[in-house]
Amino acid sequence: MKVVQLYTDGACKGNPGPGGYGAILRFGSREKELSGGEISTTNNRMELMAAIVGLEALTEPCEVTLYSDSKYLVDSVTKRWVYSWRKNGWKKADKKPALNVDLWERLLIMLKKHRVAFVWIRGHDGHEFNERCDQLAVAEAEKLMK
């Protein structure tokens with residue numbers, strides 16, 4: 001299995017509002033940047049999209065270390081909340097509906113395909129790849145504001 005690093009970030013101008021995501025895939029000395037956005041979205045949706053788009057770009061099963069500054073994304077997977085939500089008909093422990101079910105379902109498909117370790121990193125803390133992902137995400141959100 002190829003070993004890949006995936007750095008992700010999402011941004012939103014207003015919540016909801018125009019948003020963007022950025023992802024950087026690294027394999028050996030190769031890098032690929034991915035970005036996109038939506039006219040009306042939330043920060044959490046863009047954080048999820050960055051992870052999904054990055055994982056979907058991989059053409060074969062890989063061992064991935066995914067770095068994100070989103071506690072929502074990282075904790076939902078590492079603390080296995082998303083699996084409980086799905087098992088309970090997409091209801092959270094408080095019986096309220098889980099949000100972003102369409103994106104969680106896409107992510108869960110990718111988590112079956114790839115071996116993914118999620119690592120939370122502090123945002124806006126000088127981490128080179130997190131900063132680059134943030135720049136990609138913000139640029140996408142700003143394009144949609146024009």
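In the stretch 19-28, the count of residues that are of a type outside the set (D, E, K, R), in contact (Cβ under 8 Å) with a residue 60 or more places away in the chain, out of contact with any helix residue (DSSP H, G or I) (no Cβ under 6 Å at 6 or more places or on another chain) and not in a strand (DSSP E or B) is zero. Close contacts from the stretch 122-142, counting a first residue that is closer than 10 Å to Gly22 by Cα and a second that is among the aliphatic types (A, V, I, L, M) and in a loop (DSSP other than H, G, I, E, B), with Cβ to Cβ under 8 Å and a gap of 6+ residues or different chains, come to Asn130/Ile121.
The rows are residues; the columns are (1) surrounded by fewer than 20 Cβ atoms within 10 Å (Cβ to Cβ); (2) more than 19 Å from Gly123 (Cα to Cα); (3) acidic (Asp, Glu).
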residue	(1), (2), (3)
Leu25	no, no, no
Ser29	yes, yes, no
Leu55	no, yes, no
Thr59	yes, yes, no
Cys62	yes, yes, no
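Restricting Glu47, Glu33 to residues that are at pLDDT 95 or above and surrounded by fewer than 19 Cβ atoms within 10 Å (Cβ to Cβ) narrows the list to Glu33. Pairs linking a residue in the stretch 96-114 that is aliphatic (A, V, I, L, M) to a residue that is not in a helix (DSSP H, G or I), with Cβ atoms under 6 Å and 6 or more positions apart or on different chains, are Ala98/Trp90; Ala98/Lys92; Val101/Trp90.
The values are calculated or read from the model by the stated rules, or taken from the named source; none is laboratory data. Everything numeric here is computed off the predicted structure, so don't read it as measured data. Glycine also receives a Cβ, built like all others from the backbone with ideal geometry; neighbour counts cover every protein chain displayed.
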